[in-house]
Structures are given as C-alpha cells and as structure tokens.
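Down below is the structure, laid out as structure tokens.
The values are calculated or read from the model by the stated rules, or taken from the named source; none is laboratory data. Just so we're clear, the structure is a prediction, and the values are computed from it rather than from any experiment. Quick reminder, even Gly has a Cβ in these numbers, built from the backbone with ideal geometry, and neighbours come from all protein chains shown. For accessibility, only protein heavy atoms count, side chains too; no ligands or nucleic acids. Shrake-Rupley method; radii C 1.70, N 1.55, O 1.52, S 1.80 Å.
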Amino acid sequence: MDKTTRRHPNVVNITELKAGGFEKGERFALANKPLARATGARGIGCSFYEVPPGKTAFPNHYHCANEESIYVLDGAGTLRIGADEVRVGPGDYATFPVGPAHTHQLLNTGEGPLRYLCFSTMLLTEVVGYPDSKKIGAFSYTATGDSMVRIMVREASKVDYYDGEV
C-alpha cells in the first residue's frame with residue numbers, strides 16, 4: 001500500500017491494498033485484504049475475503065469473546081451455523097453471536113469465487129473452539145495486532161488447574 005496516495009489515514013479503497021492469503025491442504029484457501037487494520041480501526045474489524053470454488057477459508061469454529069458477521073458480495077456458498085446449513089449469495093448478511101451454539105463456517109459451493117466482508121468486534125483476548133477437530137485456541141494480542149499469546153490444544157489434553165505447581 002502506497003501511503004502517499006491515501007486520501008486520509010482512516011479511508012482506504014480496496015484496490016489500494018495488497019492481498020494476502022494462503023492455501024492449506026485440499027479444503028482451505030483464501031485471499032484477503034484487512035480493511036479495518038489499514039484504516040487504524042481498533043474496536044471493529046473488517047476484512048475482504050475471496051475463496052475459490054469448493055474451498056472454505058476457516059474450519060468450523062465458535063468464539064467466546066468476539067462476535068462476527070459476514071456480508072456476501074459475490075458468489076454462492078453454504079453457511080454452517082450450528083447444526084443448520086443455509087445457502088447464501090450476494091446481499092446476504094449473517095451474524096454469529098459468541099458461544100458453541102453459534103459455530104460457523106462458510107463453504108464456496110458456487111462455480112466462481114466467493115467474495116465477502118467479515119466484520120468482528122476486536123476484543124484483544126479470545127478463546128476459539130473448533131468442534132469438528134476437537135481443538136481449543138487461546139489468543140491474546142496487543143492493541144496494534146501483535147501476537148502476545150497464541151496456543152492451540154486438543155480438548156483431550158485437559159490438565160488440572162494445579163498440575164505442575166508446587
């Protein structure tokens with residue numbers, strides 16, 4: 001991003017941002033542009049995602065602190081919300097409250113790219129559950145987005161609170 005062309009530090013056009021992204025295994029792939037971070041947002045997150053056909057960006061998960069929502073711009077997908085599956089397309093908006101009852105995952109079931117905006121509150125400490133793979137992630141970040149603590153464990157690795165303490 002060339003800061004000399006920016007109209008204002010709190011305003012960005014999606015074309016001004018370089019896309020990041022990844023592919024992982026057969027199921028996961030995405031390209032993304034962090035809109036909120038580019039404008040200095042601290043309390044509300046917003047990212048643009050593009051997911052290829054037949055792929056999903058993230059595993060099925062739920063949040064314990066941050067509420068999320070999506071707004072579909074282009075393409076077709078199937079949204080898992082808890083035990084339900086809902087077809088979504090351009091103009092559809094969905095909210096994911098915190099807690100295990102609101103697990104969510106968006107799969108591109110269309111023939112072209114699925115493009116959407118993902119919004120979230122930006123609480124700096126978060127616990128995320130992954131019910132399909134039986135994992136729990138704990139994350140804590142600084143106000144600038146730097147990772148302070150990031151750990152992923154299997155639910156089966158539970159230990160007693162005083163384990164290893166003297």
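Any residue in the range 31-43 that is free of Cβ contacts under 8 Å to residues at least 60 places away in the same chain and among the charged types (D, E, K, R) sitting within a Cβ distance under 9 Å of a residue that is open to solvent by 40 Å² or more (accessible area, probe 1.4 Å) and assigned to a loop (DSSP other than H, G, I, E, B)? List the pairs, counting only those 6 or more apart or interchain.
Within 9 Å, the pairs are K33/K18; K33/A19.
For the range 91-105, check the following and say yes or no: at least one residue is under 19 Å from P34 (Cβ atoms) and polar (S, T, N, Q).
no
Mind counting the residues in the range 104-143 that are in a loop (DSSP other than H, G, I, E, B) and farther than 22 Å from A31 by Cα? Don't jump to the end; show me each part of the working.
Taking the range 104-143 as the starting set, the residues that turn out to be in a loop (DSSP other than H, G, I, E, B) are 109-113, 122-124, 131-134, 142-143.
If we keep only those that are farther than 22 Å from A31 by Cα as well, we get 123-124, 131-134, 142-143.
Within the range 104-143, residues that are in a loop (DSSP other than H, G, I, E, B) and farther than 22 Å from A31 by Cα number 8.
Evaluate the range 77-98: report whether one residue or more is touching a residue at least 40 places away in the same chain (Cβ under 8 Å), surrounded by 15 or more Cβ atoms within 10 Å (Cβ to Cβ) and not aromatic (F, W, Y).
No.
Find the residue count for the range 123-166, including only residues that are among the acidic types (D, E) and under 17 Å from the mean Cα position of the chain (by Cα).
The first filter runs over the range 123-166 and keeps only residues among the acidic types (D, E), leaving 126, 132, 146, 155, 160, 163, 165.
The next check asks that each one be under 17 Å from the mean Cα position of the chain (by Cα); those that pass are 126, 132, 146.
Total satisfying the criteria: 3.
Filter the range 1-30 down to residues that are buried (at least 17 other Cβ atoms within 10 Å of the Cβ) and either out of contact with any helix residue (DSSP H, G or I) (no Cβ under 9 Å at 6 or more places or on another chain) or part of a strand (DSSP E or B) (or both), then give me how many there are.
Within the range 1-30, residues that are buried (at least 17 other Cβ atoms within 10 Å of the Cβ) and either out of contact with any helix residue (DSSP H, G or I) (no Cβ under 9 Å at 6 or more places or on another chain) or part of a strand (DSSP E or B) (or both) number 2.
In this structure, does V159 turn out to be in contact with a Ser or Thr (Cβ under 6 Å, 6 or more places away or on another chain) and either at pLDDT 95 or above or more than 22 Å from N32 (Cβ to Cβ) (or both)?
Values: in contact with a Ser or Thr (Cβ under 6 Å, 6 or more places away or on another chain): no; either at pLDDT 95 or above or more than 22 Å from N32 (Cβ to Cβ) (or both): yes.
It is false that V159 is in contact with a Ser or Thr (Cβ under 6 Å, 6 or more places away or on another chain) and either at pLDDT 95 or above or more than 22 Å from N32 (Cβ to Cβ) (or both).
For the range 31-42, what are the residues that are within 21 Å of G75 (Cα to Cα) and part of a helix (DSSP H, G or I)? Write out each step before concluding.
Our first condition is that a residue be within 21 Å of G75 (Cα to Cα); within the range 31-42, this holds for 31-35.
Selection gives L35 alone.
Applying the selection to the range 144-162, what residues are in a loop (DSSP other than H, G, I, E, B), of a type outside the set (D, E, K, R) and closer than 26 Å to A41 by Cβ? Write out each step before concluding.
First, the residues of the range 144-162 that are in a loop (DSSP other than H, G, I, E, B): 144-146, 158-162.
When the remaining residues are screened for being of a type outside the set (D, E, K, R), the result is 144-145, 159, 161-162.
T144, G145 - these are the residues of the range 144-162 that are in a loop (DSSP other than H, G, I, E, B), of a type outside the set (D, E, K, R) and closer than 26 Å to A41 by Cβ.
Could you check, for the range 47-69, whether at least one of its residues is aliphatic (A, V, I, L, M), at pLDDT 95 or above and open to solvent by 60 Å² or more (accessible area, probe 1.4 Å)? Steps first, please.
Going residue by residue through the range 47-69, those that are aliphatic (A, V, I, L, M) are 51, 57, 65.
Next, from what is left, pick out any that are at pLDDT 95 or above: 51, 57, 65.
Keeping just the survivors that are open to solvent by 60 Å² or more (accessible area, probe 1.4 Å) gives none.
No, the conditions are met nowhere in the range 47-69.
Check the range 101-113 and report whether any residue there is more than 16 Å from the chain's Cα centre (by Cα), closer than 21 Å to K134 by Cβ and touching a residue at least 12 places away in the same chain (Cβ under 8 Å). If you could, list the steps in order and put the result at the bottom.
So the first thing to find is which residues in the range 101-113 are more than 16 Å from the chain's Cα centre (by Cα), and the list is 101, 109-113.
Next, only the ones that are closer than 21 Å to K134 by Cβ stay: 101.
In the following step, the residues that additionally are touching a residue at least 12 places away in the same chain (Cβ under 8 Å) were identified as 101.
There is at least one residue in the range 101-113 that is more than 16 Å from the chain's Cα centre (by Cα), closer than 21 Å to K134 by Cβ and touching a residue at least 12 places away in the same chain (Cβ under 8 Å).
For the range 77-91, which residues satisfy the criterion of being touching a Leu at 6+ places or on another chain (Cβ under 8 Å) and not in a strand (DSSP E or B)?
The first filter runs over the range 77-91 and keeps only residues touching a Leu at 6+ places or on another chain (Cβ under 8 Å), leaving 77-80, 85-88, 90.
Across the range 77-91, the qualifying residue is only P90.
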